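A short write-up of the structure that comes next.
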Amino acid sequence: MNAALLLEASPRFGRSQSRAAAEQVICRLKAREPVLRVLRRDLAAAPPPLIDEAFTEAMYVPPATQDEGQRRALAQSEVLIGELEQTSGLVISTPMNNFTVPAVLKAWIDQVLRLERTFSSTPAGKVGLLADRPTYVVVATGGFVTGEHARQPDFLTPYLEAVLATLGIRTVQFLYLERIPRGTAWSAGEDAQVQSWLDRHLPR
Ligand SMILES: Cc1cc2nc3c(=O)[nH]c(=O)nc-3n(C[C@H](O)[C@H](O)[C@H](O)COP(=O)(O)O)c2cc1C
């Protein structure tokens, strides 16, 4: 991996648990690959545009025949897809919001999943057109979502797995930060569970 894309989705900038743990993932990636280039896309600071009528019309027009207006409608989508194409690793840091991904991450998904651009539709199903890559998804939740204490559905994990697989990305590991009290002196760098996950998936 020579370049990684970091997507950040928490609207909390200073005290976000998902952002803090994702920094630990980036630190490990850099420890393994000192010249690693990290491209940061802060989805909470600058949310991708929502899909509108112009986008919906333009996305079905083959690139060679798109007019100026259609190209403009897809311009931000091209920027975001370009970031995936320029990188060979992906880190997604996200809270769970109402059992799934936050709206800003859904907006990014709507911009990058494009028929005949990032995936093809075949009789056997959707086939991703992007290269597979090591992908690490850091998910912060207020309650439990895994194991015997889970009392809520988790639509985030299967949904992101399906989205990434549709793009062609299948090498995906999830790190869950569950029910960590807010406002305490929690530190991702000193959290034993975070460190043991890093040792397992990204050994030094
Ligand atoms: C609008 C909203 C919806 C949330 N929905 C859930 C949820 O469905 N399940 C859950 O366990 N926590 C939920 N939470 C709690 C957050 O996932 C949790 O506070 C998380 O730590 C936030 O991530 P951050 O620390 O990176 O900002 C929700 C929080 C907000 C603000």
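A few comments on the model shown:
- Within the listed set ASP132, ASP42, ASP191, the residue fluctuating most in the Gaussian network model of the chain (springs between alpha-carbon atoms under 10 angstrom) is ASP191.
- Residue-span extension gain [VAL61 to ALA124] - 0.36 nm each, minus C-alpha spacing: 20.4 nm
- Seen against the Cα atoms of the chain and their longest principal axis, helix 17-32 is set at about 90 degrees.
- Residue-normalised accessible area of the chain, given per residue in Å² at a 1.4 Å probe: 51
- Using a Förster distance of 41 Å, the FRET efficiency for GLU161-GLU68 (Cβ separation, nearest 0.05): 0.65
- With each label modelled as a point 7 angstrom along the Cα→C-beta vector, the ALA54-ALA75 pair spans 0.8 nm.
- Split the chain at each of the GluC sites (Glu not before Pro) in a DSSP loop with at most 14 other beta carbon atoms within 10 Å, and the longest piece is 1-115.
- Here the Kirkwood formula, the inverse mean of 1/r across different C-alpha pairs, assigns the chain a hydrodynamic radius of 17.9 Å.
- Separation of the MET1 and GLU33 label points, Cα + 7 Å toward Cβ, nm: 0.6
The values are calculated or read from the model by the stated rules, or taken from the named source; none is laboratory data. Every value quoted in this text rests on a predicted model; they were computed, and no experiment measured them. Ideal geometry is used to build each Cβ from the backbone, glycine not excepted, and the neighbour counts take in all protein chains shown. Keep in mind that these areas ignore ligands, DNA and RNA; they rest on the heavy atoms of the full protein, side chains included. Shrake-Rupley method; radii C 1.70, N 1.55, O 1.52, S 1.80 Å.
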